[in-house]
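Visitor: A single structure is presented below for examination.
The values are calculated or read from the model by the stated rules, or taken from the named source; none is laboratory data. What you see is a predicted model, and the numbers here were worked out from it, not measured in a lab. Cβ sites come from the backbone with ideal geometry, for glycine too, and all protein chains shown count toward neighbours. Heads up: the accessible areas ignore ligands, DNA and RNA and are worked out on the full protein's heavy atoms, side chains in. Shrake-Rupley method; radii C 1.70, N 1.55, O 1.52, S 1.80 Å.
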Amino acid sequence: MLENYDNTKELFLGRALRDRSATIIHHFAFIDNPQKFAYADFAAGFLLSQPLIQRLARMIKARKDKMDFSIDVKHELSKFIWDEDKGPSLIDVPQLCAGSNSEDCVTNFPSKIPDCRPIISKDDIFFAVKTCEQFHKDRVPVVKNTWGKEAQHIEYYSDKEDLTIPTVYLGVPNTERGHCGKLLAILKRAHEHPVISKKPWVVITDDDTILSVSRMQRLLSCYDYTQPVALGERYGYGVSVGVGYDYITGGGGMVLSRAVIKQLIGGDSAHCPSDDSPDDMMLGSWLLNRGIPITHSPLFHQARPDDYAEGYLSHQEPVSFHKHWMLDPYKVYSEWFAKDGDVHDEL
């Protein structure tokens with residue numbers, strides 16, 4: 001394959017992805033024509049020529065980083081290499097594959113969740129849904145009528161008790177932005193409650209998270225809850241400066257093993273500067289202080305399906321999406337998750 005390319009030139013080779021529309025996860029880059037920019041699908045692998053590597057090394061040495069967010073590294077790296085059209089654009093290489101059955105592929109990536117058995121039961125997972133009175137009549141019913149019906153253990157945490165749902169009030173008032181106080185109260189309840197404290201896994205979601213319980217079962221079967229596992233879509237803050245940290249973005253769902261909750265709450269390692277501190281970022285700092293790594297899974301999604309390139313989702317079994325903005329959440333659930341049904345361990 002590589003004999004077709006001149007390695008004396010600056011070359012960036014990969015499987016090209018293109019956004020369908022300007023998206024928040026890419027900071028609305030190329031808003032006039034998002035499809036004109038190609039970025040590498042890391043699942044297929046990518047190649048850099050030695051001249052390009054030398055150029056990037058000089059760029060990195062000369063640049064002055066600032067505290068900033070890292071959301072989608074494959075897009076951010078491709079944009080850094082492109083360097084406002086001063087560097088090379090990605091060359092799409094058909095032999096670099098993801099989820100393909102072609103015999104011409106030199107790389108590939110499985111499109112299915114790994115088959116890890118025995119598959120854990122629904123009884124092993126507790127779902128904690130963060131909500132508030134404002135969304136009791138629109139967002140919460142979506143959860144209850146879709147994936148919430150598949151969850152064996154689920155509670156809705158709100159700033160107001162509502163017996164018709166029912167919700168649980170943890171003594172934390174609603175906040176407009178961050179929800180650190182509510183998250184910390186949920187973790188304390190998960191650690192102390194006589195039933196919840198026995199569940200191997202705790203999944204914390206927003207009230208506009210859309211997910212598959214059966215896929216969550218299959219995915220978590222690949223992990224050991226007795227070990228400190230913090231799983232989800234990993235973002236970063238200030239990591240390029242060297243003083244930042246990773247965190248699990250909350251909208252796609254934050255999965256914590258029993259061992260993590262025990263270390264954070266049992267070890268008294270979690271504190272909120274204020275109730276409205278950003279909950280997902282504070283959780284990331286708590287994990288960092290305890291030396292607990294964050295495991296990134298591309299199957300969790302902070303945004304809507306339309307916010308991701310079709311080629312990216314085509315080789316996935318997504319576990320979650322997030323937000324009801326400008327879409328029908330029932331349709332998203334029907335198209336992506338409703339056909340999953342129950343999963344059972346086949347001995």
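Visitor: Taking interchain pairs and intrachain pairs at least six residues apart, which have beta carbon atoms under 8 angstrom, with the first residue in region 23-40 and without any contact (Cβ under 8 Å) to a residue 12 or more places away in the chain and part of a loop (DSSP other than H, G, I, E, B) and the second surrounded by fewer than 17 Cβ atoms within 10 Å (Cβ to Cβ) and of a type outside the set (Lys, Arg)?
Guide: Short answer, once both residue conditions are applied: Phe28/Ala22; Phe30/Ala22; Ile31/Ala22.
Visitor: What are the residue pairs meeting all of these: first residue in region 233-262, first residue within 13 Å of Leu287 (Cβ to Cβ), second residue of a type in the set (Asp, Glu) and not in a strand (DSSP E or B), Cβ atoms under 7 Å, and 6 or more apart or on different chains?
Guide: Final answer for the pair search is Tyr247/Asp280; Ile248/Glu233; Ile248/Asp280; Met254/Asp280.
Visitor: Can you name the condition, by its number, that Ser240 falls short on among (1) at pLDDT 95 or above; (2) surrounded by fewer than 19 Cβ atoms within 10 Å (Cβ to Cβ); (3) over 27 Å from Val172 (Cα atoms)?
Guide: (1)
Visitor: List every residue pair whose Cβ atoms sit under 6 Å apart, with the two residues 6 or more apart in sequence or on different chains, where the first one lies in region 87-101 and is in contact (Cβ under 8 Å) with a residue 40 or more places away in the chain and closer than 17 Å to Ser314 by Cα and the second, anywhere, is acidic (Asp, Glu) and in a loop (DSSP other than H, G, I, E, B).
Guide: Gln95/Asp104; Ala98/Asp41
Visitor: Would it be correct to say that Tyr225 is in a loop (DSSP other than H, G, I, E, B), of a type in the set (Phe, Trp, Tyr) and open to solvent by 10 Å² or more (accessible area, probe 1.4 Å)?
Guide: Criteria met by Tyr225.
Visitor: Also: I'd like the full set of residues that are in contact (Cβ under 8 Å) with a residue 60 or more places away in the chain and crowded, with 18+ Cβ neighbours inside 10 Å, limited to region 282-296.
Guide: Met282, Leu283, Ile292, Ile294, listed by residue number.
Table: residues versus (1) modelled with pLDDT of 95 or more; (2) of a type outside the set (D, E, K, R); (3) not in a loop (DSSP other than H, G, I, E, B).
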{"site": "Ala259", "(1), (2), (3)": "yes, yes, yes"}
{"site": "Ser274", "(1), (2), (3)": "yes, yes, no"}
{"site": "Gln302", "(1), (2), (3)": "yes, yes, no"}
{"site": "Asp306", "(1), (2), (3)": "yes, no, yes"}
{"site": "Phe321", "(1), (2), (3)": "yes, yes, yes"}
{"site": "Leu327", "(1), (2), (3)": "yes, yes, no"}
{"site": "Val332", "(1), (2), (3)": "yes, yes, yes"}
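Visitor: Go through the residues of region 58-66 one by one and say whether even a single one is assigned to a loop (DSSP other than H, G, I, E, B) and either without any contact (Cβ under 8 Å) to a residue 60 or more places away in the chain or within 21 Å of Glu317 (Cβ to Cβ) (or both).
Guide: Yes: one or more hits.
Visitor: Just to check your reading of the model, which residue among Asp328, Asp340 is in contact (Cβ under 8 Å) with a residue 24 or more places away in the chain, open to solvent by 30 Å² or more (accessible area, probe 1.4 Å) and more than 15 Å from Ile204 (Cα to Cα)?
Guide: Asp340
Visitor: Right, next: Please indicate, with yes or no, whether at least one residue in region 242-252 is touching a His at 6+ places or on another chain (Cβ under 9 Å), more than 30 Å from Ile60 (Cβ to Cβ) and not in a strand (DSSP E or B).
Guide: There is at least one residue in region 242-252 that is touching a His at 6+ places or on another chain (Cβ under 9 Å), more than 30 Å from Ile60 (Cβ to Cβ) and not in a strand (DSSP E or B).
Visitor: Which count do you get for residues in region 151-169 that are surrounded by fewer than 17 Cβ atoms within 10 Å (Cβ to Cβ), out of contact with any His (no Cβ under 6 Å at 6 or more places or on another chain) and in a loop (DSSP other than H, G, I, E, B)?
Guide: Selection size over region 151-169: 6.
Visitor: Of the residues Lys61, Lys9, Lys66, Lys86, which is among the basic types (Lys, Arg), modelled with pLDDT under 95, surrounded by fewer than 19 Cβ atoms within 10 Å (Cβ to Cβ) and over 30 Å from Ile248 (Cβ atoms)?
Guide: After applying the criteria, what remains is Lys61.
So that you can scan it fast, the table gives a plain yes or no per residue for (1) crowded, with 20+ Cβ neighbours inside 10 Å; (2) over 23 Å from Lys331 (Cβ atoms); (3) aromatic (Phe, Trp, Tyr); (4) under 23 Å from the mean Cα position of the chain (by Cα):
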position	(1), (2), (3), (4)
Asn101	no, yes, no, no
Cys105	no, yes, no, no
Pro114	no, yes, no, yes
Ile119	no, yes, no, yes
Asp124	no, yes, no, yes
Ala128	yes, yes, no, yes
Lys144	no, no, no, yes
